[in-house]
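So the structure is just underneath, and the comments pick up after that.
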Amino acid sequence: DGSKYHGYEDKYNIVGCYWPPHFVVLDGDNLEPLKIVSTRGYTYDTFEYHQEPRVAAIVSSHFTPEWVANIKETGYVWLIDYSNIDKMSVTMIEAERYLHDGGWDGTHRYFMSAANMRDTMVIIDTKTRKRVARVEVGTKPHPGRGANFIDPEFGPVGSTVHIGEGLVSIWGTDPEKHPKNAWKVVRSIDLDAGAGSLFLKTHPNSRNLWVDFT
């Protein structure tokens, strides 16, 4: 992803890698590598050292000069501050394992990420820079960037499909206007297929959720 915070638009890019386990910060004009940072470390819950924690998803915060990165096997979400590349800092948020794909809610405030080892969606508030919820969904969620839409009964929602079963889980994403539904599964849709799915999408001009079957 690129840097998106005001005053840093496209100044930097970041690339996350599976092997070796690290991320690279690049100059936004010429893609020259400026910083390489290893992601090796300890798991958040069992404190075991992991040799190969992969970078599974990255988004750029709209509230602070930070990237939000999933460090997959450790269960940490890293907030990577790019305001000073020479003194770059990282804030580690305990999330869940194993972190995989994720994307924004409709407001671009909440990063919603799949932890498919624990059948959970993790919600990070990038304005307060805290984890605000863990939402239990189906077996091995795999949303890609996910799909957001306005549910006629429950208001703004997010959704995921699952690798481990034919299921769409839908949860509320608006803690301000729909607090009773926020970060709770409000609909579960069984899919008429034995296999699981990898991705789902929608569009403001579509009345459908589009789901693949592997």
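Quick note: the coordinates plus some simple rules give every number you see, no bench work behind them. Keep in mind it's a predicted model, so treat the numbers as computed, not measured. Using ideal geometry, Cβ is built from the backbone for each residue, glycine included, and neighbour counts are taken over all protein chains shown.
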Two decimals is fine: what's Rg over Rh for the stretch 84-127, C-alpha atoms, Kirkwood radius as Rh? 1.07
Within straight cross-link reach of Lys4, meaning Cα distance under 17 Å, which aspartates and glutamates are found once same-chain residues fewer than 8 apart are removed? Asp27, Asp29, Glu66, Asp81, Asp105, Asp125
Run a plain Debye calculation on the chain (Cα atoms as equal point scatterers, no solvent) and give log10 I(q)/I(0) at q = 0.09, 0.11, 0.15 Å⁻¹, rounded to two decimals, same order as the q list. -0.35, -0.53, -0.95
Lysines near Lys140 by alpha-carbon distance under 25 Å, same-chain residues fewer than 8 away left out - which ones? Lys72, Lys130, Lys184, Lys201
So how do 140-147, 183-190, 56-63 stack up, highest first, on mean other-Cβ count within 10 Å? 140-147, 56-63, 183-190
Subtracting the Cα-Cα distance of Met117 and Thr214 from 0.36 nm times their residue separation yields 33.0 nm
Checking the cross-link filter: which lysines have an alpha carbon closer than 17 Å to that of Lys11, excluding same-chain neighbours under 8 positions apart? Lys35, Lys87
Send over the semi-axes of the stretch 46-152's equivalent ellipsoid, whole angstrom and largest first, taken as the square roots of 5 times the C-alpha gyration tensor eigenvalues. 21, 19, 10
Given points 7 Å out from each Cα along the Cα-Cβ axis, report the Lys35 to Cys17 separation in nanometres with one decimal. 1.6 nm
Just Val135, Val168, Val90 to compare: in a GNM of the chain, with alpha carbon springs under 10 Å, which one fluctuates most? Val90
